[in-house]
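Data block below; observations after.
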Amino acid sequence: MLQGSFAWIALFAFLAATVNALGILVVFRYREQAEKLTGYLMCFAAGVLISTPLMIALPAALERDPRSGFMALGGFLFMFFSNKVIRHYTHEEALAFGITAAQGIAVHSFVDGIVYTVTFEVSVLVGVLSAGGLVAHEFAEGVITFLVLVRGGVNRRAAMVSAFLMASLTTPLGAFVAYPFVRSLSGGTLGLLLGFVSGVLIYVSASHLLPEARGHEERHSILSFMAGVALASFIVMTHGH
């Protein structure tokens, strides 16, 4: 079980890093096309990520420990206030804005890696749905990281390398750092941690991806969002727990 879960975690962690790096490379070479794809991908990822905790991750957490709902609230508030702190420090000069915003994304990507580890330790289904939604937004995250660095005055090539280090490599790093700790947890404690992760996923979808996607609004963005909801719903209904 542990070896199997580690294989899934490693697969999705490196897939996330690859998709993120692809976003950086594409926006470096084809900026206009990359920005056009970003809105659709964020909307699709938001649809998957809002559906997964509500339909399967949070219910699974509550089965393990009824207090998991409080942990979900804690996860949501943790992301809310940590983003407030990051935004507070982005009111500096342009370069400080770019670097601080990218650092915030690096922390976010590190947390993504932890999410992969927790969800796959619960079940492959919860892991695939959660990690799949996160992977779907990695392309957009790579694009955004590169753009905020460039807008902050960082050289384009330096921005490409920095974005890769901050946004791509931090996801597998988070997954592998968390793995030894998470695999030692009992069922109830794992349920509490999954509740916290559920709150993180809800925040990422409702308060991060959707507002960002509105800045890249495209004609069929709502269809992309509903496609994400429909895919997650279909997988949950056909595979259950």
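The values are calculated or read from the model by the stated rules, or taken from the named source; none is laboratory data. Keep in mind the model is a prediction, meaning the values are calculated, not measured. Here Cβ is always computed from backbone atoms with ideal geometry, including for glycine, and neighbour counts include all displayed protein chains.
Can you confirm whether segment 42-58 contains a residue that is over 24 Å from residue 72 (Cα atoms) and under 13 Å from the mean Cα position of the chain (by Cα)? No: segment 42-58 contains no residue that is over 24 Å from residue 72 (Cα atoms) and under 13 Å from the mean Cα position of the chain (by Cα).
Can you name every residue in segment 1-40 that is of a type in the set (Gly, Ala, Ser) and at pLDDT below 80?
4, 34, 39
Filter segment 103-134 down to residues that are among the aliphatic types (A, V, I, L, M) and surrounded by fewer than 24 Cβ atoms within 10 Å (Cβ to Cβ), then give me how many there are.
8
Within segment 171-181, restricting attention to residues that are surrounded by fewer than 22 Cβ atoms within 10 Å (Cβ to Cβ) and in contact (Cβ under 8 Å) with a residue 60 or more places away in the chain, the residue that is nearest to residue 63 (Cα to Cα) is 178.
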